[in-house]
Amino acid sequence: MGEAPPESLNRQGLNEQGLASDDSLRGLLEKTGLWRASSIDGDYKQHCSTGFARLDQELPGAGWPADGVTEFLHDRAGIGELRLLAPALARLTHEQSRWVLFVSPPYIPYPPALAQAGIDLTRVIISQPKMPRDYLWVLEKALASQSCSAVIAWPGRIHEKQIRRLQLASKEGYSWGILFRSGASSKNASPAELRLRLRPLPDSTPGYSQGKENSAVAVKILKRRGRWESEEFTIAFDDQLLRPMPDFSEMVIDQKIPTTKEKPAFDRTSNPVIQTLHEYQ
Amino acid sequence: MDINSLDINSHWICLHFPQLPVEVFARHQVEKPVVVTIRQRVVAMNLRSQESGIRIGSSMNTAYTISEDVVSFEREEDRELEKLTHLAQWAYQFTPSVSIKPPHSLLLDVSGCLRLFKGIDNLKKLIREGLDSLGFEVALGTSGTPLAALLFAEAGMPEVPIAPEVAQSLGPVPVSYLRVEENIKDTLLKMGISHCKQLFELPVDGLNRRFGVFFTDYLQRLTGKKPDPQKTIDSTPRFRSDITFLSDVTNLESLVFPLKRLLGELQEFLIKRQLLTNQFSVKLSHRGHPPKEFSVFLASPDNDSQMFLMLSQLQLEKVNGMPEVDNISVAARNFFEAEAGSGDLFQGTRFKQKDGRIHSKAEEARAIKLVNMMTARLGPQACFGLSLANDHRPERAWKPVTLAAKDYWQGGNGDSNPRPLYLLPTPKALSTEAGTPCMSGKLELLQGPERIDFGWWDNDAAARDYYIAKHHTGSLYWIYQHLDNCRWYLHGIFS
């Protein structure tokens, strides 16, 4: 840990070579504490690909950060907020022996679904502090403990100073802090390094027409290092959740064939075994 | 029984604690004069009281006149016996055959462990040093028979090397220390027999007629003419240790030091017995208040007193309603065999470990520490892992697992259909509008039905048709129709 990926090293190296001739510029850079936007990527120690090419493209360091606080702002549950994280969590749980900690999740993070997403359940822990002061204590301790690869929380109302503390703790423990917050909090400034707004995809989104089988979410990066906020873009999941239901009404029409009448598809009492049981009784 | 049946190689050490009545309240490092009384008469005291001039048998009034800061306790024999039991557990580190001889003695059969401890003198040194650091004064007696060792220790005789002829070595011991009825000893003294030497010169038949068969039996066991098997303590490990404060402690933070000492004792106990524990309890008591007790749970068994202390402190901070404390105790009874693991030479180095991940032993230890801290502060139920379970009912297809037990279900449950990342703890009933389910807006059924009809054999049947439904806001839900009453329920969220 603590090493910049080779690409950014190269980039930095090249830049320095390029500037070697210009002493005045170099002096300015060294003495006045100026920094170049291009060197920002190098600060990201370890990147974890998001699993979505478009998102990787937009994020500094081409992936989720390894530490720092990332905020996901959204209003309704069920728009893909966790599915967006799932590929990264799967990688973290398989590559590292550290925990992925859910702090007071609003519902049960459902193990069969986590397993389907490839997440190693033996690395997942849930913590449910009851008192508000315990809540921040858990977040801070877990982030700073160096024993969590990611800490996921739904903090509700949280103060800017508290996020700053979490940010510092996550840097200390090389932990990725993930906060799910309401969409309205985008109005307030936050010390989080990365902020993304998630919205359900409007049905009329161009380029994502009706009738697709995969669900999708509209993402807008509100804050990222080294770049301005992004345009809203669409991330499609490979989940086939929107696969339409077979039209059963047509099946009823097809029931002209005499044999189907004996076996309506979903009538419990028509189950042959149960029927025989009824006859016996 | 054959006279020669005594194993001449048997070695017994008796640990006699003459100051135990005082030491249950104040171990011998205490700087204040402490006395133990029965009905306002001093029956035992520590060295400090002795120096100030208090004598056994003097009344408390006298004691207060001599020294005004004397602290007195009413004698508690139950506690003495309890303490003796715990000292027996401590002594188990030397030999498995430890027997308790109330009121204040322990007997150790060390015949089998002399070579291990490099001779009896070294063993005695180890025992003395150990008890000294615990704060107990001990008189040691060694002999070839248990009763003789006991007699030597209780009589406070200068230690003599173990002689093959037990009776001869017992010669100078006064008869008043024999463990026989008081009237026998009185009679012996009246007969002019004050030392064992004189006693052993008397004919056995005469003694038998005069004092009964029990007395001669005792003498025969004492001198090794008869075998004398001892009842040893059971080997079930138990730990309890306490510290009594001479003045009430009002600041709970200052309990950290005594607690540290007790946990250090726990660690030593665990190391000596090659054990680990995953749970111990700390009890704060005061004579005027109901006691407060808290348990500290660890995610994995350990023997590290630093970790124990840190976790106890987390709980200690939360104790309230305990204005004063005069006794603190630590007890543990859940033990695990320590694995004979070897230390990690490359402690901090990250390697590809058996599970295919790259990490170091130090990281593993840190991961456990975090769980320990959370369980200590939030309680054992507030921190758990997730596992699949062998059931098709969605609410039972998973189970929480305690991180100490790590009982993860290894198999899958074979459900390949999409499952939501959020499951509601209890399904929420949905209203219907013209036969279709609603949730503040229409739900559009996208995929389904997936029939789950399971568990009709265990009175908790689930007969449901599951659908993926899309809310007009774009959220995706996992809903089901109950097959019996045709009602709709929300059960999960595709978050």
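The values are calculated or read from the model by the stated rules, or taken from the named source; none is laboratory data. What you see is a predicted model; the values in this text were computed from it and never measured. Please note: Cβ atoms are built from the backbone with ideal geometry, for glycine as well, and neighbour counts cover all protein chains shown.
Mind checking which helices (runs of 4 or more DSSP H) fall wholly inside the stretch B:1-109 and carry at least 2 residues that are farther than 21 Å from B:Asp326 by Cα and among the hydrophobic types (A, V, I, L, M, F, W, C)?
Output list reads B:60-66, B:77-91.
Return the residues of the stretch B:111-143 that are under 20 Å from B:Ala155 (Cβ atoms) and not small (Gly, Ala, Ser); say none if nothing qualifies.
B:Ile120, B:Lys124, B:Ile127, B:Arg128, B:Leu131, B:Phe136, B:Glu137, B:Val138, B:Leu140, B:Thr142
Name, by its number, the condition in (1) surrounded by 15 or more Cβ atoms within 10 Å (Cβ to Cβ); (2) more than 11 Å from chain A (Cβ to nearest Cβ); (3) small (Gly, Ala, Ser) that does not hold for B:Ala397.
(2)
Based on what the data block shows, is A:Ile125 at the interface with chain B (Cβ under 7 Å from one of its Cβ atoms), modelled with pLDDT of 90 or more and over 22 Å from A:Phe237 (Cα atoms)?
Judged against the criteria, A:Ile125 is a match.
Quick one: which residue in B:Ala91, B:Ala149 is over 26 Å from the mean Cα position of the chain (by Cα), crowded, with 18+ Cβ neighbours inside 10 Å and at pLDDT 85 or above?
B:Ala149
Could you tell me whether the stretch B:54-63 includes any residue that is outside the structural domain of B:Asp248 (by TED's automatic domain parsing) and either in contact with a helix residue (DSSP H, G or I) (Cβ under 6 Å, 6 or more places away or on another chain) or within 13 Å of B:Phe25 (Cα to Cα) (or both)?
The answer is yes, given that some residue of the stretch B:54-63 is outside the structural domain of B:Asp248 (by TED's automatic domain parsing) and either in contact with a helix residue (DSSP H, G or I) (Cβ under 6 Å, 6 or more places away or on another chain) or within 13 Å of B:Phe25 (Cα to Cα) (or both).
Determine if the stretch A:155-175 includes at least one residue that is in a strand (DSSP E or B) and in contact with a strand residue (DSSP E or B) (Cβ under 7 Å, 6 or more places away or on another chain).
no
May I ask you to say which residue of A:Arg83, A:Arg76 is assigned by TED's automatic domain parsing to the domain that holds A:Asp134, part of a loop (DSSP other than H, G, I, E, B), buried (at least 22 other Cβ atoms within 10 Å of the Cβ) and modelled with pLDDT of 85 or more?
Among A:Arg83, A:Arg76, only A:Arg83 is assigned by TED's automatic domain parsing to the domain that holds A:Asp134, part of a loop (DSSP other than H, G, I, E, B), buried (at least 22 other Cβ atoms within 10 Å of the Cβ) and modelled with pLDDT of 85 or more.
If you take the residues of the stretch A:229-243 that are charged (D, E, K, R) and facing chain B (nearest Cβ under 9 Å), which of them is farthest from B:Arg419 (Cα to Cα)?
Among those residues, the one meeting the criterion is A:Arg243.
Pick out the one residue from A:Ala90, A:Ala150, A:Ala113 that is farther than 16 Å from A:Leu179 by Cα, at pLDDT 90 or above and more than 8 Å from chain B (Cβ to nearest Cβ).
A:Ala90
Looking at the stretch A:134-179 only, could you name the residues that are of a type in the set (Val, Ile, Thr) and either surrounded by fewer than 24 Cβ atoms within 10 Å (Cβ to Cβ) or in contact (Cβ under 8 Å) with a residue 40 or more places away in the chain (or both)?
Of everything in the stretch A:134-179, those that are of a type in the set (Val, Ile, Thr) and either surrounded by fewer than 24 Cβ atoms within 10 Å (Cβ to Cβ) or in contact (Cβ under 8 Å) with a residue 40 or more places away in the chain (or both) turn out to be A:Val151, A:Ile152, A:Ile158, A:Ile163, A:Ile178.
Please go through the stretch B:364-382 and pick out each residue that is free of Cβ contacts under 8 Å to residues at least 40 places away in the same chain and at the interface with chain A (Cβ under 7 Å from one of its Cβ atoms).
Across the stretch B:364-382, the qualifying residues are B:Glu364, B:Arg366, B:Ala367, B:Leu370, B:Met374, B:Leu378, B:Ala382.
For the stretch B:465-495, enumerate the residues that are more than 9 Å from chain A (Cβ to nearest Cβ), surrounded by 19 or more Cβ atoms within 10 Å (Cβ to Cβ) and either in contact with a Ser or Thr (Cβ under 8 Å, 6 or more places away or on another chain) or without any contact (Cβ under 8 Å) to a residue 24 or more places away in the chain (or both).
Within the stretch B:465-495, just B:Trp488 meets the criteria.
Evaluate the following for B:Ala404: is it small (Gly, Ala, Ser), touching a strand residue (DSSP E or B) at 6+ places or on another chain (Cβ under 7 Å), surrounded by 15 or more Cβ atoms within 10 Å (Cβ to Cβ) and at pLDDT 80 or above?
No.
For residues in the stretch B:242-262 being touching a residue at least 24 places away in the same chain (Cβ under 8 Å) and under 14 Å from B:Leu134 (Cβ atoms), which is farthest from the chain's Cα centre (by Cα)?
B:Pro258
Name the single residue that is nearest to B:Tyr477 (Cα to Cα) among those in the stretch B:403-439 being among the hydroxyl-bearing types (Ser, Thr, Tyr) and within 11 Å of chain A (Cβ to nearest Cβ).
Going through the qualifying residues, I end up with B:Tyr422.
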